[in-house]
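J.: Below you will find the structure I want to go over with you.
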Amino acid sequence: DRHGYFEIKNVQVVKEAATVTVSFPGYFKGIKTYMAAAGKSAFFRIKLLPKTNAGNMNAGTGGSVSLTNGLTISLPANAVKIASTGSVYSGTVNVAATWINPTSPELHKIMPGDLRGINTDGLMRGLTTYGMMAVELTGSSGELLQIADGKKSVITFPIPASLSSAAPATIPLWYFDESNGLWKEEGMATKTGNTYAGEVSHFSFWNCDYPNINASFDCTVLTNDGQPVAFALVKISVIGATNDARYGYTDSAGYVTGAIPGNTSLSIEIIDDAICTGSYYSNTFSSATGRVSLNNITLPANSISNITGNVTACNGSAVTNGYLFLEKGGMLYHYKISNTGSFNMNQLYCQQNNSAEIYAIDLASSQQSATITRQLTAGINSLGTINACGISAAQFMSYTINGTN
């Protein structure tokens, strides 16, 4: 919809590596990989990265292009082919490239996959990243290009200053394999100063990662009276490692599952990522190589905004098929209205940012309510009765064929 929200129900996925891919012109693909649980939903936020123009070069002579952050792509002479045909390309090569900062607080939204990969022995490993990049080559007519057979490109990653001292002298390179939603080990990078450089034979997403053992994790986040807290961000970090964290969002039942580093001392935090500082819960635990279940995590009453009310249709009857949408701090939250027209949902209460815009949609009539602006408080927030009527919620596309609308 206009918020970018989508929902897919009742599908079969690969249990250990289910994937969702989002594409939009002018942006690199957004790809999320997750461990699926039968009968349970999964929720993510995906932020697409623009295809920033790093520069261009002549395919016949080769050359290099760089971004101001230190990311560099170098190609030798006559090292480019047309991806669709495999034939040699000889014109201008346009290079789109983006660096993904491993210390970015938005790493879980912008990186592909979920920091799991297949090493050269065919084993699944968890990954500690020291930096990623996305690269795409196109020709003068927009055709997709690739590195020619038998040729290699040297790619250089900047290393954030906060990670430089801990970064190993050499590190495996991994490319993102879209066919299975996992990173795949291929090659090595060498540290020089505050950069890693290595050779690659094709372009996609590339990653400098140190591998480690995986474990699986789950928990359920609840209010103090046992009600689920949906869309809470759960962060699990390796203690003492600023670039080694895993993130997941709770679903409508407050449940979250995923892969975490094994045989490690870890910390867990419950966070609201709608421009809200601090955590609502924090603790430490240790993982082994099997499953770690923290079961139920209960949040204190003063950290929850409980939002209640009813939704009616244009004729005054209860809406039996609809949603309540809440927007706070630039983040959208969606809640299913019950088949009796009521809603009772729990939001993490944020003192710094508690203004919310709320509206309801009746899917049966494609009608929605006016938007309500409300300052949320800790505890109960009763919205009374919302009439989902007066504004069309129907969506459509306009198109032109041979000049005719």
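The values are calculated or read from the model by the stated rules, or taken from the named source; none is laboratory data. Just so we're clear, the structure is a prediction, and the values are computed from it rather than from any experiment. Here the Cβ positions follow ideal geometry from the backbone for every residue, glycine too, while neighbour counts run over all protein chains shown. Note: accessible area is taken over every heavy atom of the protein model, side chains too, but ligands, DNA and RNA are not part of it. Shrake-Rupley method; radii C 1.70, N 1.55, O 1.52, S 1.80 Å.
J.: The list (1) 21.5, 67; (2) 23.9, 72; (3) 22.0, 72 gives values of Rg and Dmax of the Cα atoms in Å, and only one came from this structure; which label was calculated from it?
T.: Looking at Rg and Dmax of the Cα atoms in Å for this model, the match is (2).
J.: Any idea of the accessible area per residue across region 345-394, 1.4 Å probe, to the nearest Å²?
T.: Value returned for region 345-394: 46 Å² of accessible area per residue.
J.: Enter the accessible area per residue of region 92-250 (Å², integer; probe 1.4 Å; all protein chains in place).
T.: Value for region 92-250: 36 Å² per residue.
J.: Which residues' amide hydrogens lie under 5 Å from the amide hydrogen of residue 17, considering only partners 5 or more residues apart or on another chain, with H built in the peptide plane?
T.: Distant-sequence amide H within range of residue 17: 36.
J.: Roughly how many whole Å is it from the C-alpha centroid of region 101-161 to that of region 61-87?
T.: Their Cα centres are 15 Å away from one another.
J.: Rounded to the nearest Å, what's the spacing between the alpha carbon centres of region 180-199 and region 1-49? Just the number, please.
T.: Their Cα centres are 26 Å away from one another.
J.: Near residue 40, which aspartates and glutamates are there with a Cα under 19 Å away, not counting those fewer than 8 places off in the same chain?
T.: In chain and number order, the partners are 7, 16, 114, 218, 251.
J.: Could you check how much of the accessible area of region 104-144 is carbon and sulfur, as a whole percent, using a 1.4 Å probe?
T.: Numbers: 690 of 1400 Å².
On region 104-144, the fraction of accessible area on carbon and sulfur atoms equals 50 percent.
J.: With a 1.4 Å probe and all protein chains left in place, how much of the accessible area of region 177-314 comes from carbon and sulfur atoms, in whole percent?
T.: On the way: 2640 of 5400 Å².
Answer for region 177-314 is 49 percent, counting heavy atoms of protein chains only.
J.: Give me the distance in nm between label points sitting 7 Å out from Cα along the Cα-to-Cβ direction at residue 20 and residue 8, one decimal.
T.: 0.9 nm
J.: Rolling a 1.4 Å sphere over the protein heavy atoms, what is the accessible area per residue of region 256-324, to the nearest Å²? Don't skip to the end; give the middle numbers.
T.: Values: 2930 Å² over 69 residues.
Here the per-residue accessible area is 42 Å².
J.: If packing is taken as the mean number of other Cβ atoms within 10 Å per residue, what is the order of 94-107, 363-376, highest first? Intermediate results must be reported in sequence, preceding the final value.
T.: Numbers: 94-107: 19.1, 363-376: 15.7.
Packing proxy ranking, top to bottom: 94-107, 363-376.
J.: Treat every Asp and Glu Cβ in region 72-171 as -1 and every Lys and Arg Cβ as +1, leave all other atoms uncharged, and give the resulting dipole magnitude about the Cα centre to the nearest 20 debye.
T.: Computed about the Cα centre, the dipole is about 120 debye.
J.: Just to verify a number: FRET efficiency for residue 239 and residue 169, C-beta to C-beta distance, R0 = 25 Å, to 0.05?
T.: For residue 239 and residue 169, the calculated efficiency is 0.55.
J.: Once you place label points 7 Å from the Cα toward the Cβ at residue 398 and residue 41, how far apart are they in nm?
T.: So the two model labels end up 3.3 nm from each other.
J.: Based on DSSP H runs of at least 4 residues, each adding -39500 (n - 2.57), what is the mean residue ellipticity at 222 nm of the chain after dividing by all its residues, to the nearest 500 deg cm²/dmol?
T.: That comes out to -500 deg cm²/dmol.
J.: Excluding residues on the same chain fewer than 8 positions from residue 29, give the lysines whose Cα lies under 16 Å from its Cα.
T.: 47, 51, 109
J.: Here's something else I'd like to know. Alpha carbon centre of region 329-359 versus region 268-316: separation in Å?
T.: When both Cα centres are located, 13 Å separates them.
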